[in-house]
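What follows is a short report on a single structure.
Please treat every number below as a calculation from the coordinates, not as lab data. Being a predicted model, the structure only gives us computed values, none of them experimental. Cβ coordinates were reconstructed from backbone atoms using ideal geometry, including for glycine residues, and neighbour counts include every protein chain displayed.
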Amino acid sequence: MMKITVSLVLLALFFMGCSQATQKQSTEKSLENTTQAVIEKSEDTLMKDENTGDVKYETSKWQQAKIKYVNVEGGFYGLITHSGDKLLPLNLDKAFKQDGAVVNIQGEKMENMMTIQQWGKPFKITNIKLIKAGRVKVPVNQ
């Protein structure tokens, strides 16, 4: 009787392990599909058609900007576009924090948002490419 009970318990554990492995695979596949959808949508900006009221996506355009270290409010990095607009990047990667670097960026301006820096328009970067490297270390007296 003891052997039968042990065998049944082991058999149940085996099937539970197989079930968990299948769930893990399906969860990973679902996460992969969701990630791909987010990546595809991150290049688009949500827009509302003024005539019909329909919501549509519009691809954000690439623009060139220079990264500038601004020594105000504890110091931060800002973007100055080729046209002279000041953008405050909300998610600038550490690798791109180089004073004087030139980059191509894609993203969206964030409306109705205030920042401590009070410099430029808050900007969420969706894509960034380094064109020319800048200085990594910024002088203290700047």
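Some observations on this one:
- Verdict on Lys124 being among the basic types (Lys, Arg), surrounded by fewer than 11 Cβ atoms within 10 Å (Cβ to Cβ) and within 19 Å of the chain's Cα centre (by Cα): no
- In the range 58-117, the residues that are charged (D, E, K, R) and on the phi > 0 side of the Ramachandran plot: Glu73
- Of residues in the range 71-113 being loosely packed, with under 11 Cβ neighbours inside 10 Å and of a type in the set (Asp, Glu), the one farthest from Ile131 (Cα to Cα): Glu111
- Scanning the range 127-137 for residues that are in a strand (DSSP E or B) and hydrophobic (A, V, I, L, M, F, W, C), we see that the one that is surrounded by the most Cβ atoms within 10 Å (Cβ to Cβ) is Ile128.
- Positions within the range 93-111 being part of a strand (DSSP E or B) and charged (D, E, K, R), in sequence order: Asp99, Glu108, Lys109
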